[in-house]
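Written below as structure tokens is the structure these notes are about.
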Amino acid sequence: MPIVSSMSFLGCREVRTLEETTFWQELDPAGIEEQLHFVPLDLPNEYFWRGNNLDIDEKPVHQVSLTTPIVVTRHEITQQLYVDIMEHNPSFFKDCPQCPVEKVRWIEAIEFANRLNTILGLPICYAILERGEVEWSEGTRCTGWRLPTEAEWEWMAQSGQYKYQVLNRLAWFSDNADNRSHPVCTRDLDRNGLCDVLGNVQEWVWDVAEAYPSKYPNRPLVDPIGPEEGTHHVFRGGAWNRYGENLSPTIRKDASYLFRNNDLGFRLVRTIISKP
């Protein structure tokens with residue numbers, strides 16, 4: 001499974017582990033879990049078509065099969081939950097505890113998932129190594145909370161959305177957002193029962209982006225997790241400051257894992273392993 005290599009300055013800042021702090025021992029796991037509002041995601045029976053032939057980094061359209069059932073946080077991680085777990089709020093729009101947390105770096109989303117799993121007594125999926133490298137040794141077999149893969153994210157976006165004509169009902173974007181993010185789930189639920197998959201803030205996923213142009217493999221894939229190494233990670237979904245045409249399930253963007261912006265947050269997923 002992949003180790004993501006990145007040029008990093010992580011060693012120049014303090015990263016406290018849960019073993020070095022005590023605040024988390026006072027948190028109520030049930031109260032934390034309740035804030036996740038997770039829902040099951042129905043997987044395709046056989047495969048779905050990922051990508052779009054209109055843009056170079058969305059090509060080629062190809063078959064993707066997802067075989068691992070997951071549950072998904074109904075909405076993007078809120079500022080309130082992020083503060084509960086991480087003890088600080090990096091967001092630009094700090095006046096809104098139920099708005100999505102933003103200005104979160106990819107590596108901080110990884111740290112959040114690890115802390116959340118420790119608090120809830122779930123397996124920790126990621127190992128943060130020196131220089132910001134992250135090892136995901138069990139891959140999608142890990143049953144703790146984690147970032148979605150790019151394929152999982154695109155499936156939930158494609159399968160959940162209605163036609164473009166009702167985008168205004170589903171998403172906060174430049175036409176209706178009044179130049180800021182909004183509390184989660186204040187637009188309609190999509191067909192998967194999820195909020196803000198398109199719009200409000202963009203969302204980090206696990207996958208590394210290859211050097212530009214970042215093209216997909218031209219072959220059918222099963223449970224893809226992206227390239228094994230790279231310096232940039234993908235984010236998806238459009239945001240409060242983006243035009244409607246940017247709120248597409250197939251559009252891909254990427255940035256350094258240390259990048260942060262006031263229109264970029266994340267949601268989490270968990271693998272559900274059926275008992276025999």
query = Among 94, 253, what is the fewest-to-most ranking by other Cβ atoms within 10 Å?
reply = 94, 253
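Can you list the DSSP H helices in the chain whose Cα atoms extend at least 27 Å along the helix axis and whose mean Kyte-Doolittle hydropathy is 0.0 or higher?
Values: long enough: none.
What comes out of the filter, once short or polar helices are dropped, is none.
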In Å, descending, principal axis extents of the Cα set of the chain = 50, 43, 41
note = So the compactness index of region 185-276, its C-alpha Rg divided by 2.2 N^0.38 Å, takes the value 1.21
inquiry  = To check you understand DSSP bridge types, tell me what percent of the beta bridges within the chain (both residues inside) are antiparallel, rounded to 5.
reply    = 85 percent
task = Residues in region 238-276, backbone N under 20 Å from the label point at residue 71 (7 Å along the Cα-to-beta-carbon vector): list them, ranges by number please.
result = 266-276
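In debye to the nearest 20, how big a dipole does region 3-271 give about its Cα centre with +1 on each Lys and Arg Cβ and -1 on each Asp and Glu Cβ? Before the final figure, lay out the partial values.
Numbers: 26 positive and 40 negative charges, 121 e Å.
My answer is approximately 580 debye.
Can you give the Kirkwood hydrodynamic radius for region 30-128, in Å, rounded to one decimal and based on Cα pairs? It would help to have the intermediate numbers written out before the result.
Details: mean 1/r = 0.0626 Å⁻¹.
Value: 16.0 Å, from the Cα pair sum.
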query = Which order, highest average first, do 195-204, 255-264 follow once you tally other Cβ atoms within 10 Å for each residue and take the mean per peptide?
reply = 195-204, 255-264
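If you count, for each residue, the other Cβ atoms within 10 Å and average over each peptide, how do 177-190, 74-87, 40-53 line up from highest to lowest? Mind showing how you got there, number by number?
Values: 177-190: 17.3, 74-87: 20.9, 40-53: 14.6.
The packing order, highest mean first, is 74-87, 177-190, 40-53.
Full extension from residue 259 to residue 178: what is 0.36 nm times the residue separation minus their Cα-Cα distance, to one decimal in nm?
So the extension gain works out to 26.7 nm.
Can you tally the net charge around residue 202? Count Lys and Arg as +1, Asp and Glu as -1, for every other residue whose Cβ sits under 10 Å from the Cβ of residue 202. Write out the running numbers ahead of the final one.
Details: positive: 236, 242, 253; negative: 76, 102, 203, 263.
Surrounding charge for residue 202 is -1.
Bear in mind that the values in this text are calculations on the coordinates, not laboratory data. The shown structure was predicted, so the numbers you read here are calculated from the model rather than taken from an experiment. Heads up, the Cβs are rebuilt from the backbone with ideal geometry, glycines too, and the neighbour counts pull from every protein chain shown.
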